[in-house]
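Heads up, the thing below is written out as structure tokens.
The values are calculated or read from the model by the stated rules, or taken from the named source; none is laboratory data. Source: prediction; values computed, not measured. We place every Cβ from the backbone using ideal geometry, glycine too, and count neighbours over all the protein chains shown.
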Amino acid sequence: GAGVSQTPSNKVTEKGKYVELRCDPISGHTALYWYRQSLGQGPEFLIYFQGTGAADDSGLPNDRFFAVRPEGSVSTLKIQRTERGDSAVYLCASSFAGDGGAFFGQGTRLTVV
Amino acid sequence: SQQGEEDPQALSIQEGENATMNCSYKTSINNLQWYRQNSGRGLVHLILIRSNEREKHSGRLRVTLDTSKKSSSLLITASRAADTASYFCATVNSGYSTLTFGKGTMLLVSP
């Protein structure tokens, strides 16, 4: 596709459930980032992939959060035992080599009820 | 954690005026980038300035970087109502490629 695609665009889940958020980066982009953003705040870094490996996962808040990128393209962010505090917009971005500007998807709005 | 801090948090101007937003950061950087966000969804990359550059232009945008003061400014000239958005600075630290954002400046341009 022409841009970064994130699915679903909206997700409502019950507290305690497991969710997966998907990101399709721009073809050929080796760097992929996950962020989450709460209302009125800047994007909070979660994890950065360079190829298939997580180059920096220091932003993952706890072990309920996990992300994979098995073939170096599509990435999935997985959240176990969701909590109401996990409600936010989850943003994915990709860039060619991690040193230039990043292209963002439209985000997934996660609501935990 | 967030590296950059934008100033002001909110800015309200009339169409045709210039808008200036500032960003301060804490650690040595490889480059600094500015992004725009409408309606709280996807961010759009505006401009990137590297640590060895002092000024850069792109259309109505002018970015400056002062590494000695660890600060950057974004100037939007001849603003338009369509420039209404939140603007964020983001840094790539020396030795890393993680892109770290500030809290943003909300710009309102009134017709």
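Structural remarks
Here's the yes/no breakdown for (1) surrounded by 18 or more Cβ atoms within 10 Å (Cβ to Cβ); (2) in contact with a strand residue (DSSP E or B) (Cβ under 7 Å, 6 or more places away or on another chain); (3) free of Cβ contacts under 8 Å to residues at least 60 places away in the same chain; (4) over 25 Å from B:LEU46 (Cβ atoms):
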| position | (1), (2), (3), (4) |
| --- | --- |
| A:SER38 | no, yes, yes, no |
| A:GLY59 | yes, yes, yes, no |
| A:ALA67 | yes, yes, yes, yes |
| A:THR76 | no, yes, yes, yes |
| A:ALA102 | yes, yes, no, no |
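- Here the condition is being touching a helix residue (DSSP H, G or I) at 6+ places or on another chain (Cβ under 9 Å) and under 18 Å from A:SER94 (Cα atoms); of B:ARG36, B:ARG41, B:ARG60, it holds for B:ARG36 alone.
- Residues (closer than 23 Å to A:ARG84 by Cβ, touching a Gly at 6+ places or on another chain (Cβ under 6 Å) and at pLDDT 95 or above) located in the range A:1-44: A:GLN6
- Condition check for A:ASP24: closer than 23 Å to B:GLY4 by Cα and either within 14 Å of chain B (Cβ to nearest Cβ) or of a type in the set (D, E, K, R) (or both): no
- Residue match in the range B:17-33 (condition: at the interface with chain A (Cβ under 9 Å from one of its Cβ atoms) and within 16 Å of A:GLN41 (Cα to Cα)): no
- Summed over the range B:75-104, residues that are more than 10 Å from chain A (Cβ to nearest Cβ), closer than 30 Å to A:ALA55 by Cα and modelled with pLDDT of 95 or more total 1.
- Residues that are of a type in the set (S, T, N, Q) and more than 10 Å from the chain's Cα centre (by Cα), drawn from the range A:33-81: A:GLN37, A:SER38, A:GLN41, A:GLN50, A:THR52, A:SER58, A:ASN62, A:SER73, A:GLN80
- Where strands (runs of 3 or more DSSP E) sit wholly within the range A:38-113, those with at least 3 residues that are away from chain B (no Cβ under 14 Å) occupy A:65-68, A:75-79.
- Verdict on B:ILE49 being buried (at least 16 other Cβ atoms within 10 Å of the Cβ), modelled with pLDDT under 95, under 30 Å from A:GLY51 (Cβ atoms) and more than 9 Å from chain A (Cβ to nearest Cβ): no
- Put simply, of B:ARG50, B:ARG41, B:ARG80, B:ARG60 the only residue that is closer than 25 Å to A:PHE96 by Cβ, touching a residue at least 12 places away in the same chain (Cβ under 8 Å) and among the charged types (D, E, K, R) is B:ARG50.
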